[in-house]
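Enquirer: First the structure, then my questions, so here it is.
The values are calculated or read from the model by the stated rules, or taken from the named source; none is laboratory data. None of these values were measured; they are calculated from a predicted model. Here Cβ is always computed from backbone atoms with ideal geometry, including for glycine, and neighbour counts include all displayed protein chains. Calculation scope for accessible area: heavy atoms of the full protein, side chains included, ligands and nucleic acids excluded. Shrake-Rupley method; radii C 1.70, N 1.55, O 1.52, S 1.80 Å.
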Amino acid sequence: MIRHQLPLIITFFTGMLLIITFFIPHKPFGDLEQRFLIWYSIISGFTVLLGLDSLVRYHLSKLKKEFNIHSFILILSLFLTLILGFYSWFKFKTPFALNSPFMFLYTYVIIPLQATMFALLAFFIASAAYRAFRARTFEATLLLIAATVVMLGRVPIGGYISKGIAYFISFLFKIPYEKISEIQIFAIVSDWIMNIPQNAAKRGIFIGTALGGIAMSIRIILGIERTYITK
Amino acid sequence: MILNIIGTWLAATLTLAIFSFLYKDNPFYKLAEHIYVGVSAGFWVIYVWSFDIKPMLIDRFISETGIEKWILIIPAILGVLMLTRWFPRTAWISRIPLAFTIGIGAGLGVTASIQGFLIPQIGATLLPLTNINNILLVIGVISTIIYFYFSKEFKGSLKLFSRLGIIFIMIAFGASFGYTVMARISLLIGRIYFLLHNLLGII
Amino acid sequence: MREFLTKLATIDRRIIYLLTFLVVCLPMIFKMIMPIRVSEEVKMAFKEIDNLKPGSIVMISIDYDAASEPELQPMLIAILRHCFSKDIKVILLGQWALGLPLGEMALNQVAKEYNKKYGEDYVNLGYRPGYTALMVGIGKELRDFFPTDYKGIPIDSFPFMRKVRNYQQIDILVGLEAGATGDAWVQFAGARFNQKIILGTTGVVAPDMFPYLQAKQIVGLIGGLQGAAEYETLIKKAGSAILGMPAQSFVHLLIIIFIIIGNIGYFILRRKR
């Protein structure tokens, strides 16, 4: 009963309370909701620590079997960060004081590592654009045309290319260049794509996911969906 | 000043270690990767202490009086019960705080999705069909939703609308790809700027 | 000619990487500047903050980390410059813990430029886990989640914070988003509490926010590095975003060339078979 039924009862109670409080925000529902939200914030912090255990355990077990420099560096980095963090907290009242050792670690280790990891994606996207983006079908061609127009419309070079196209059109159709030189065709079409077809499709997709999310939430509250308590 | 110089060289070394992955996977990249995981994990512990346990539990417990003080024992216990997940024998106990958080999340999600998304978005789609943009917007939303309706075979007008839907979806994905390229390149620009400006002083 | 085009379709990926690297470096080394065209959605965001009176309160949420710093940090700095130049009070908080120090760095940098004092003109509340609960909870009472600022100082000791109890005292909420937190701000703070919201997002997230803009659930949208450059243009103070746009432009052109070459090679190879 406790192992299986109690969690379902708690989920039902908390979920229903929050839905009822939406319609009846007065006492006692409003106060109870606020209290539960504060508790949720406190408990979420402990959830973060869960992942830490599996990380440390895995690398410590690797080190026990045989010395692994990478696992050693990971554990060392972890404990060094903890030491610097708590030292900064004691000395500067907050680890986030800009002149603290903790912030030195953040500025010169976390920022470059995290930023560079994601900067690698620029190279991969360039390589993928070259190798994989093929106009095999009508839909794929449409995707590539939209991507090209948006890519040119969002950057200043699109303006220069538009001027070039305007010059070519003025030459071809004998239209005065001054009349059409300021028309930034890529920017205008890009804005239209973002505001109309892109907007419509994204709205349609998100309406679908929102409906799915609501259905899943109701299933969880009513105890029909129980995958979160399988372990 | 000297710390600044040491820090810049440390940051540059780590940046180049990560970039070395572009040539091929190598020990320097792996080292930098493991440093990143270790330092991030340590950061999270400090965050949880500084921004959650200390201000929300400990400081509150000290400053509050009466029932407001003692009631904080409940979230403290629930938080500790969450950590029983570390031990296989007692892992089932963590279902209790987990159920609490999931119930809160689900309850908030239902009302937010309906009030914050469905109703305003459907309302914004109810446009007068007086110009081509409005017509395209309405047709685009309807045809995209129909494209994802798999309970009926696509025949006749359903097939036409689903075909229209895929056209709108492909344009949307193309636009998203364009923006994604912009985003990824911006990240590279940031790192190159650091190397050229902070490290080499060229710009 | 056919052989040449077929060879072009099989270039080593490391040459692609090198070309990308060079095309990013060279415009920055030669300090190229290009004119920035300002889009409607950024103009809307700018006007909303520009129309605020001195003493108004803007809450900025740091919902990004170092991975999105090149795009969103220039945006944050530009918005802070705009706010401080108009004597608008700023409350900073964060939903992404690893991004909060970036907010603190930007606040320190810009506050020095405008002689703004911590506690009088701006406050950094810090971070709390459980962002959806926080967004709903501070709609009722801010102090339930932030009794103190990020240094542990009670927020009631700051003069302008004494009157701030919930969203009703906050004129605009600016969310700087690298993920789904922007949706949460709109659905919780915006829909439930009618909070006026401006979103500044990375390029990846920006297309997903257009439905909110069209439905008037947000009053402005600043998307990606281009959006940051546009905002810098409007406040008439160049920053790293404007400096990065020429490199951005040329790489976009390079990627389009890669796509064209790749497709030409593909079609020639297909014909051969």
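Enquirer: Look through the range C:171-180, keep the residues that are at pLDDT 95 or above and open to solvent by 10 Å² or more (accessible area, probe 1.4 Å), and return whichever of them is nearest to the chain's Cα centre (by Cα).
Expert: Ranking the qualifying residues of the range C:171-180, first place goes to C:178.
Enquirer: Additional query: Report, by residue number, each residue of the range C:68-94 that is within 14 Å of another protein chain (Cβ to nearest Cβ) and touching a Leu at 6+ places or on another chain (Cβ under 9 Å).
Expert: C:68, C:69, C:70, C:71, C:72, C:73, C:74, C:75, C:76, C:92, C:93, C:94 - these are the residues of the range C:68-94 that are within 14 Å of another protein chain (Cβ to nearest Cβ) and touching a Leu at 6+ places or on another chain (Cβ under 9 Å).
Enquirer: Looking at residue A:223, is it under 23 Å from the mean Cα position of the chain (by Cα) and more than 8 Å from chain B (Cβ to nearest Cβ)?
Expert: no
Enquirer: Checking the conditions here, which among B:65, B:13 is open to solvent by 20 Å² or more (accessible area, probe 1.4 Å), over 21 Å from residue A:69 (Cβ atoms) and hydroxyl-bearing (Ser, Thr, Tyr)?
Expert: B:65
Enquirer: Evaluate the range A:179-199: report whether one residue or more is hydroxyl-bearing (Ser, Thr, Tyr), at the interface with another protein chain (Cβ under 7 Å from one of its Cβ atoms) and either under 30 Å from residue A:167 (Cα atoms) or buried (at least 17 other Cβ atoms within 10 Å of the Cβ) (or both).
Expert: Scanning the range A:179-199 turns up no residue that is hydroxyl-bearing (Ser, Thr, Tyr), at the interface with another protein chain (Cβ under 7 Å from one of its Cβ atoms) and either under 30 Å from residue A:167 (Cα atoms) or buried (at least 17 other Cβ atoms within 10 Å of the Cβ) (or both).
Enquirer: Something else about it: Out of everything in the range C:49-64 that is outside any loop (DSSP other than H, G, I, E, B) and either more than 16 Å from the chain's Cα centre (by Cα) or of a type in the set (Gly, Ala, Ser) (or both), what residue ends up being surrounded by the most Cβ atoms within 10 Å (Cβ to Cβ)?
Expert: C:61
Enquirer: Those residues that are hydroxyl-bearing (Ser, Thr, Tyr) and either within 20 Å of residue A:49 (Cα to Cα) or open to solvent by less than 20 Å² (accessible area, probe 1.4 Å) (or both), I need them from the range B:16-59; list them, please.
Expert: Across the range B:16-59, the qualifying residues are B:36, B:40, B:47, B:50.
Enquirer: Select from the range A:34-83 the residues that are loosely packed, with under 13 Cβ neighbours inside 10 Å and of a type in the set (S, T, N, Q) and write down the one among them that is nearest to the other protein chains (Cβ to nearest Cβ).
Expert: Looking at the filtered set, the residue picked out is A:54.
Enquirer: Among the listed residues C:222, C:255, identify the single one that is open to solvent by less than 20 Å² (accessible area, probe 1.4 Å) and not in a helix (DSSP H, G or I).
Expert: Just one listed residue meets the conditions, C:222.
Enquirer: Ok, one more. Among the residues of the range B:1-18 satisfying the criterion of being in contact (Cβ under 8 Å) with a residue 24 or more places away in the chain and facing chain A (nearest Cβ under 8 Å), which is nearest to residue B:191 (Cα to Cα)?
Expert: Only one residue tops the list, namely B:15.
Enquirer: What pairs come out if I take residues in the range A:3-29 that are more than 7 Å from every other protein chain (Cβ to nearest Cβ) and crowded, with 19+ Cβ neighbours inside 10 Å and pair them with residues that are among the acidic types (Asp, Glu) and part of a helix (DSSP H, G or I) whose C-beta lies under 7 Å away, six or more apart or interchain?
Expert: Pairs that qualify, where the first residue is more than 7 Å from every other protein chain (Cβ to nearest Cβ) and crowded, with 19+ Cβ neighbours inside 10 Å and the partner is among the acidic types (Asp, Glu) and part of a helix (DSSP H, G or I), are A:21/A:33.
Enquirer: I'd like to check something: does the range B:44-52 contain any residue that is facing another protein chain (nearest Cβ under 7 Å), more than 29 Å from residue A:86 (Cα to Cα) and either in a helix (DSSP H, G or I) or touching an Asp or Glu at 6+ places or on another chain (Cβ under 8 Å) (or both)?
Expert: no
Enquirer: Out of C:129, C:154, C:147, report the one residue that is farther than 23 Å from residue A:48 by Cα and either free of Cβ contacts under 8 Å to residues at least 40 places away in the same chain or within 14 Å of chain B (Cβ to nearest Cβ) (or both).
Expert: C:154
Enquirer: Among the residues of the range C:181-191, are any away from chain B (no Cβ under 11 Å) and either in contact (Cβ under 8 Å) with a residue 12 or more places away in the chain or open to solvent by 20 Å² or more (accessible area, probe 1.4 Å) (or both)?
Expert: Scanning the range C:181-191 turns up at least one residue that is away from chain B (no Cβ under 11 Å) and either in contact (Cβ under 8 Å) with a residue 12 or more places away in the chain or open to solvent by 20 Å² or more (accessible area, probe 1.4 Å) (or both).
Enquirer: Let me ask you something else. Among (1) facing chain A (nearest Cβ under 10 Å); (2) of a type in the set (A, V, I, L, M); (3) not in a helix (DSSP H, G or I), which single condition is residue B:171 missing?
Expert: (3)
Enquirer: Identify, by number, the condition in (1) in contact with a Pro (Cβ under 9 Å, 6 or more places away or on another chain); (2) more than 27 Å from residue C:260 (Cα to Cα); (3) touching a residue at least 60 places away in the same chain (Cβ under 8 Å) that residue C:32 doesn't meet.
Expert: Tallying (1) in contact with a Pro (Cβ under 9 Å, 6 or more places away or on another chain); (2) more than 27 Å from residue C:260 (Cα to Cα); (3) touching a residue at least 60 places away in the same chain (Cβ under 8 Å), residue C:32 fails exactly one: (2).
Enquirer: Identify, please: which residue in the range A:113-162 is open to solvent by 40 Å² or more (accessible area, probe 1.4 Å), part of a helix (DSSP H, G or I) and of a type in the set (Phe, Trp, Tyr) and is, among those, nearest to the other protein chains (Cβ to nearest Cβ)?
Expert: A:118
Enquirer: Further question: Of all residues in the range C:144-170, how many are farther than 21 Å from residue A:35 by Cα and aromatic (Phe, Trp, Tyr)?
Expert: Selection size over the range C:144-170: 3.
Enquirer: Out of all the residues in the range B:21-39, which are part of a helix (DSSP H, G or I) and more than 7 Å from chain A (Cβ to nearest Cβ)?
Expert: B:27, B:28, B:29, B:33 - these are the residues of the range B:21-39 that are part of a helix (DSSP H, G or I) and more than 7 Å from chain A (Cβ to nearest Cβ).
Enquirer: So which residues in the range C:9-34 are part of a helix (DSSP H, G or I), open to solvent by less than 40 Å² (accessible area, probe 1.4 Å) and among the hydrophobic types (A, V, I, L, M, F, W, C)?
Expert: Listed by number, the residues that qualify are C:16, C:23, C:24, C:25, C:28.
Enquirer: Cβ-Cβ under 6 Å, sequence separation 6+ or interchain: first residue in the range C:204-219 and more than 8 Å from chain B (Cβ to nearest Cβ) and touching a residue at least 12 places away in the same chain (Cβ under 8 Å), partner open to solvent by 30 Å² or more (accessible area, probe 1.4 Å) and of a type outside the set (Ser, Thr, Tyr). Which pairs?
Expert: C:219/C:48; C:219/C:196
This table checks each residue for (1) in a helix (DSSP H, G or I); (2) open to solvent by 70 Å² or more (accessible area, probe 1.4 Å); (3) more than 7 Å from chain A (Cβ to nearest Cβ).
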| site | (1), (2), (3) |
| --- | --- |
| B:61 | yes, no, yes |
| B:75 | yes, no, no |
| B:117 | yes, no, no |
| B:142 | yes, yes, yes |
| B:153 | no, yes, yes |
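Enquirer: Right, something else. Kindly evaluate residue B:84 against the criterion of being under 24 Å from residue A:53 (Cα atoms), outside any loop (DSSP other than H, G, I, E, B) and more than 7 Å from every other protein chain (Cβ to nearest Cβ).
Expert: Criteria met by residue B:84.
Enquirer: Here's something else I'd like to know. Aromatic (Phe, Trp, Tyr), closer than 24 Å to residue A:205 by Cβ, more than 7 Å from every other protein chain (Cβ to nearest Cβ) and in a loop (DSSP other than H, G, I, E, B), is that true of residue B:161?
Expert: Taking the combined requirement at face value, the residue does not satisfy it.
Enquirer: Can you name the residue in the range C:70-101 that is at pLDDT 95 or above and open to solvent by 20 Å² or more (accessible area, probe 1.4 Å) and is also nearest to residue C:200 (Cα to Cα) among such residues?
Expert: My answer is C:77.
Enquirer: Here's a follow-up. Residues to consider are A:169, A:183, A:214, A:175; find the one that is at pLDDT below 95 and assigned to a helix (DSSP H, G or I).
Expert: Checking each option against the conditions leaves just A:169.
Enquirer: Same structure, new question: Among C:267, C:250, which is under 27 Å from residue C:177 (Cα atoms), open to solvent by 10 Å² or more (accessible area, probe 1.4 Å) and among the aromatic types (Phe, Trp, Tyr)?
Expert: C:250
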